[in-house]
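Below is one structure, written out as C-alpha cells, with a few remarks after it.
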Amino acid sequence: MNSCISNGLECRDNLSDESPYAEFNREIITCEGTNGLVLPFPQPPQPSQQSSPKETTLHTRLLEDTSGFHEHRIQAIKSQGKLQSQDPTLRNAKLGYKVESLLNRMSNWTRIKKKSEADTPRSLAESYGKRGHVIGYGAFGTVRIACKLDAEDPTRTRLFAVKEFKQRSRDSLIEHKKRVISEYSISSSMYHPHVVTTLDLLQSTKGASCQVMEYCSGGDLYSFVLSVGQLEMVEANCFFKQLLQGVEYLHEMGVAHRDLKLENILLTQRGKVKIADFGNAECFRMAWETEVHMISGVCGSRPYIAPEEYVDKQFDGRAVDIWACGMIYMSMRTGYHIWQTSQKGRDKAFEQYVQDRKKETGYKPIEQLETIECRNVVYSALDPTPARRLTAQQILLSEWVRKIEVCDAGNEGLDVC
Ligand SMILES: [Zn+2]
C-alpha cells in the first residue's frame, strides 16, 4: 500500500486574500515548496541584552517547593494563537488513504457518535451552547469558545472549543469535505491525556462543518512563551516531557502530527499539555500493518520544519515530529526561534548550528542548557540526519527526561509509577 502522501511542492501563497485578519498578511512567508505562517516572535538577544524571565510574574505562575514538586498557575488567555495556515493542495493528495484510516478506526468513532447522538440529533447550539468569542483562527477555520449549562448541575457551565471549517476559494466542495473528514477522523480517534479530545462533528445552522473539542483555558504555548519571555527550566522540562508523552502516543497509533509548534500545544491553567490541530496529520501505518510508510511534501510552519523535508522525496514522519519537539524546547528555553528555516543556504543561523554542533565547543544556545544529558537529547532531536534522531520513546527513556519531575496536573490520567 502506498504511503500517505501530501505533495507540499504544490503549495502556493494562498493566504493573502483569505486571512480573516489584515495584519496576518504581513506575516505570510512563502518559500519554495511550503507556505508557512510565521507568527511574530522575539529575535535572539543581542550581546548587550540579557534575556531573563519576567520575575514579577514568575512567583505567581510557578510554585515550587524544596522537594522538587511544582504547580503551574497559568492565567486564562483569550487567544489560543493563530491556527496553522496550510495550502489545501496538501490535503488533497491521497485523501482516500486517510478516509480509509477513518474506517479502520470506526469503532472509536462509533463510540463518539453514540455518545453524542444518544437521542435525537440536536443542533450545535443545543448540544454545546452558543458560540462566543474567537480563541483561534487561520485559513482552515475559526475556533470559538462555546458555553453550555451542565445538564446534571445547572449551577455549572461547560466550555467547549468549536472549530468552524472554512471552505477555501480554491477547494471544491468535495475537497473541502474530504479535508474536514480527514482531520476529524484522525483527531477523534486519539484518546490520550496529552491530546486535545475531539468530541463531535456537526453542522452549524448556516451549514458550516464544526468540530467540537475540549477547551483548554490556559491558552496555547506560543502565547504563554510570548507573555513570559522565557520559560524557567522547571516549566519547560515539565511541558517537554508531557509533549513527548503525547507524541509517543501519536506515533504508536501510526499518526505523525506534522505541524507541532508552540501554537498547537495547548495548556490548562494548571499546566497540563495538550496537542491540538490535526489538520496536517498523516497516517504512516495502518492498524493492521507493521511496516512504516514514508511520507513526503514540505508541511508545517517554517521554523519547525525539519531539513530533510526540503531535500528528500520521502522521509519518516516520526522523525519530523521529533525535530519540531526539539525546536519547541529551544523556543521555550530561549524565548525565540533559534533559526527561521532549516532549508540549506537560506538561514545563516541554521548554517552556524550545523557547523557548531560538530565542534567541541558546540552550539551556544544549546550549550547554555544546564546538563550534558539535556544537551545530548536536544542535539539528537535536532540532528540534521533524521536516522540519528532519537524516537519519542527513546527520549522518554533517556536519563535526562526520566529525571524530569512532572507536576500532578501533568500526570493526571497517566499511569505514573
Ligand atoms: Zn508542571
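Quick note: the coordinates plus some simple rules give every number you see, no bench work behind them. If you're wondering where the values come from, they're calculated on a predicted model, not measured in any experiment. When we count neighbours, we look across all protein chains shown, and the Cβ atoms used for this are built from the backbone with ideal geometry, even at glycine.
Quick notes
- Net length gained if the chain between TYR191 and ASP150 were fully extended (0.36 nm per residue, minus Cα distance): 12.5 nm
- Between HIS133 and SER169, the C-beta separation translates, for a Förster distance of 30 Å, into a calculated FRET efficiency of about 0.70.
- Charge context of GLU308, other residues only, Cβ under 14 angstrom, K/R +1, D/E -1: +1
- From the Kirkwood radius over Cα pairs of the range 217-406, Stokes-Einstein at 37 °C and 0.692 mPa s returns a whole-number translational diffusion coefficient of 197 µm²/s.
- Charge context of PHE350, other residues only, Cβ under 12 angstrom, K/R +1, D/E -1: +2
- Remark: the range 217-406 carries a charge dipole of roughly 280 debye about the Cα centre, counting +1 on each Lys and Arg Cβ and -1 on each Asp and Glu Cβ.
- R0 of 30 Å, Cβ-Cβ distance GLU360-THR66: FRET efficiency to nearest 0.05: 0.25
- Distance between the range 253-283 and the range 352-407 - C-alpha centres, whole angstrom: 21
- If the segment from GLU399 to GLN368 were pulled out straight at 0.36 nm per residue, it would be longer than the present Cα-Cα gap by 9.3 nm.
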